[in-house]
Amino acid sequence: MYNNRDLSWLQFNSRVLQEAQDVKNPIIERVRFLGIFSKNLDEFFRVRVASIQRLSKLSDIKKIKKQLGNWEPEILLNRIQEVITRQNKEVESTYSELMSSLDKIGIKLITEKELTGGQKDFIRKFYIEKISPSVFTMILDPNLPFPELNDESIYLSIRLKSIKGDQISSIIEIPTDLHGRFIVLPKYGKSYIMYIDDVLRCNLRYAYFIFPNEDIEAHSFKISRDSELDIDQHDISKKTILDRVRMGLEDRLEGDPVRISFDRSMKSQNLKELKNLIGLSGNDSMYPGGRYHNKKDLIDFPNIGGADLEYDKLEPSLHPDLDLDRSILNVIRDKDVLLFTPYHTFSYIIRLLREAAMDSKVKRIYITLYRLANQSRVVSALINAAKNGKLVNVVIELQARFDEKKNIHYLEKMRKEGILVQTGAEGVKVHSKLICIERVFENKMELFSVVGSGNFNESSAKTYTDYFLMTSSKKITREVIRVFEFLAEPYRMKKFKQLIVSPRFTRDKIMDAVDQEIRNAKSGLKSEIWMKFNSLSSHAIADKLYEASCAGVKVRLIVRGICCIIPGVRDLSENIEIISIVDRYLEHSRVYAFRNNGDWDMYIASFDLMTRNLDLRIEVGVPVYDKNIKGQIKDHLDILWKDNVKSRLNGIDDSKSYRQIPGPKIRSQIRLHKYVADQLKNALSK
């Protein structure tokens, strides 16, 4: 008995939408949650819906149903469309309610029809000076090919009726790169904001000045394309992974369209013509909506009101063991250190790399990179190390979906600086989060490592919760080096006793740990499993946890997104509880903890419990040996589990139900911020 992974994901995104609907959240944050919901949904169509549509064209229905959790693709696509249609109605009503609430507090979103004379002058000048150089009008000619449309963009479908009575069809891509989606107008009593879409609508006559007309219609629309990179892993030509990713990115621009979202006021004849020109088939998704699309841009909705319209700032704490004037390498030579972002500042990772770059005794730095900040200080520190004569070995994953161009840019930049850059391993993605530093100390080589659950990305570290274990433990660091050796020669399989490494060992290691808890339960010992991760879609892991539940093992899962397990089913999952927390930070840290008769086995990992993480990626989990750090992580899990403000039940039909826990209100992310701050305060007071 399993939840379908795609329907489970839609339940997760409904919890994001719920944050936009929650009147207890500051209103600007609610608007931005609506943007997050939309961004998530865009990626869902480009990846999962596109994948299901591809499967629907295959003939091996038995194999297809196995991949889709025993669902036929057409039935699943229909179910997905039903859910999303319902969610989109909620989005439109929530959006209207939010704009009305903003108006009541003096922030008004206006259209081109509501402008005063002075505002029209401002908008016309803004259009001429700032926008018009970036506006390209595509006239649709039946004798010419239809232009390729970018699924990152929004478009206006234009219909002009000339003075002579001719009909002209055109498309404009709305330019958002330079000025964003929202234009702040001069304050006039209230504060005014305008979509750049409406700035264009207000000035269409100037855009089409060579076509004297008596009527212009403009309706917005957007498309979503299949974003899968078709990279042939069995290509025996001399093309490198870099070459194939570049070719795949070019092909992505022409990927099959899988969805069109459009202004429902668009005339049916216009919509039919547009659908045919784009190449949408009967199986593709048609989603009518309101006047505005690409609501993901609401993530950057400007706050032109007071600070109270956003969350209170939660400043990250310094780590009690890592003073600004102390060598980080010297600290972690003596003890393990746990960074917990964003509650701790990520800058310690940058400082560690910069220290290694300057230290004359450091000889080599190894690092894996998956997603990087737009202006990466991690890369800058690595380049600094190379300039200082260090050997720098970088493994960068070029197939990090939607970050491929950025990673190619950084690959080329680092290679120009003399850094040895490897483009992952053939046939798998490198998703592990590893740093290893080689240093000579007292004429001997010593190793320092960082193993994390999240990316070495100083931007996402401000909003993603993640763990980074910094250690000089020989039994760990030697195996971290072994991972890099495997990445250099992936055909030579390595063995690992301490680390959990995919693709060969993770499933068995997790299964063995669960089996140990099952044996303990059957022996009358107290047995318990705590796991925190993003997604669980592996039916094999689900079956093992069902087995544990039947044996009497208490299983607590904190799962942000997909979860195929159904908890609380008699004689199957009575001992399994699952919660999901959606709040101001994205819960991204991954922990796997097993009671082991009181001597807890605990791992921080880069992997979720999905088939791709277990079989198709190079992932690493690291054991936590330090008792103090174990205690801290267990405290973190306890706080999360006691959340009765932002925690919902997961794995059931009504996954938007808040947990009803009596007692004082505990909002786990606020409580965790205080917990980490108190650690520093207590250390300073000693």
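From the list Ser191, Ser157, the one residue that fits, being in contact (Cβ under 8 Å) with a residue 60 or more places away in the chain and in contact with a His (Cβ under 8 Å, 6 or more places away or on another chain), is Ser157.
Looking only at the stretch 602-635, which residues are among the aromatic types (Phe, Trp, Tyr), crowded, with 18+ Cβ neighbours inside 10 Å and either assigned by TED's automatic domain parsing to the domain that holds Thr471 or under 21 Å from His344 (Cα atoms) (or both)? Of everything in the stretch 602-635, just one residue is among the aromatic types (Phe, Trp, Tyr), crowded, with 18+ Cβ neighbours inside 10 Å and either assigned by TED's automatic domain parsing to the domain that holds Thr471 or under 21 Å from His344 (Cα atoms) (or both), namely Tyr603.
I need the full set of residues from the stretch 40-76 which are free of Cβ contacts under 8 Å to residues at least 60 places away in the same chain, under 13 Å from Asn4 (Cα atoms) and either touching a strand residue (DSSP E or B) at 6+ places or on another chain (Cβ under 9 Å) or not polar (S, T, N, Q) (or both), in order please. Result: Arg48, Ile52, Lys65, Lys66, Glu72, Pro73, Ile75.
Restricting Leu487, Leu447 to those that are touching a strand residue (DSSP E or B) at 6+ places or on another chain (Cβ under 7 Å) and closer than 20 Å to Ile349 by Cα reduces the list to Leu447.
A count restricted to the stretch 154-205 and to residues that are within 28 Å of the chain's Cα centre (by Cα), among the charged types (D, E, K, R) and part of a strand (DSSP E or B) stands at 1. Considering the stretch 1-109, the qualifying helices (runs of 4 or more DSSP H), each wholly inside and each with 3 or more residues that are buried (at least 19 other Cβ atoms within 10 Å of the Cβ) and aromatic (Phe, Trp, Tyr), run over 27-44. Would you call Ser473 surrounded by fewer than 24 Cβ atoms within 10 Å (Cβ to Cβ) and over 30 Å from Leu314 (Cβ atoms)? Yes; evaluated as a whole, the condition is true for this residue.
For the stretch 483-503, a residue qualifies if it is under 30 Å from the mean Cα position of the chain (by Cα), part of a loop (DSSP other than H, G, I, E, B), closer than 23 Å to Val624 by Cα and not aromatic (Phe, Trp, Tyr), and the qualifying residues are Gln498, Leu499, Ser502, Pro503. Residues in the stretch 370-395 that are part of a helix (DSSP H, G or I), within 13 Å of Met414 (Cβ to Cβ) and either of a type in the set (S, T, N, Q) or out of contact with any strand residue (DSSP E or B) (no Cβ under 7 Å at 6 or more places or on another chain) (or both): Val378, Val379, Ser380, Ala381, Ile383, Asn384, Lys387. Taking the conditions exactly as written (closer than 16 Å to Gly452 by Cα, in a helix (DSSP H, G or I), hydroxyl-bearing (Ser, Thr, Tyr) and not assigned by TED's automatic domain parsing to the domain that holds Lys630), does Tyr348 satisfy them or not? Yes, satisfied. Residue count for the stretch 263-306 satisfying the condition of being of a type in the set (S, T, N, Q), in a loop (DSSP other than H, G, I, E, B) and at pLDDT below 90: 3. Restricting attention to the stretch 307-330, the residues that are outside any loop (DSSP other than H, G, I, E, B) and free of Cβ contacts under 8 Å to residues at least 40 places away in the same chain add up to 2. Taking first residues from the stretch 401-422 that are farther than 30 Å from Asn40 by Cα and partners that are small (Gly, Ala, Ser) and modelled with pLDDT of 95 or more, the Cβ contacts under 7 Å between residues at least 6 apart in sequence or on separate chains come to Glu417/Ala386; Gly418/Ala386; Ile419/Ala386. Would you confirm whether or not the stretch 396-413 contains a residue that is in a strand (DSSP E or B) and crowded, with 19+ Cβ neighbours inside 10 Å? There is at least one residue in the stretch 396-413 that is in a strand (DSSP E or B) and crowded, with 19+ Cβ neighbours inside 10 Å. Just checking, does the stretch 569-577 include any residue being assigned to a loop (DSSP other than H, G, I, E, B) and β-branched (Val, Ile, Thr)? Yes, that holds for at least one residue.
Answer yes if at least one residue in the stretch 573-591 is over 19 Å from Tyr464 (Cα atoms), of a type in the set (A, V, I, L, M) and either in contact with a Ser or Thr (Cβ under 7 Å, 6 or more places away or on another chain) or modelled with pLDDT under 95 (or both), and no otherwise. Within the stretch 573-591 (the criterion being over 19 Å from Tyr464 (Cα atoms), of a type in the set (A, V, I, L, M) and either in contact with a Ser or Thr (Cβ under 7 Å, 6 or more places away or on another chain) or modelled with pLDDT under 95 (or both)), the answer is yes, since at least one residue qualifies.
Yes/no matrix, rows are residues, columns are (1) within 20 Å of Met99 (Cα to Cα); (2) in the same structural domain as Leu76 (by TED's automatic domain parsing):
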{"position": "Asn270", "(1), (2)": "no, yes"}
{"position": "Glu273", "(1), (2)": "no, yes"}
{"position": "Tyr292", "(1), (2)": "yes, yes"}
{"position": "Ser317", "(1), (2)": "no, no"}
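The values are calculated or read from the model by the stated rules, or taken from the named source; none is laboratory data. The model shown is predicted, which means the values in this text are computed figures rather than measured ones. Backbone-built Cβ (ideal geometry, glycine too); neighbour counts: all protein chains shown.
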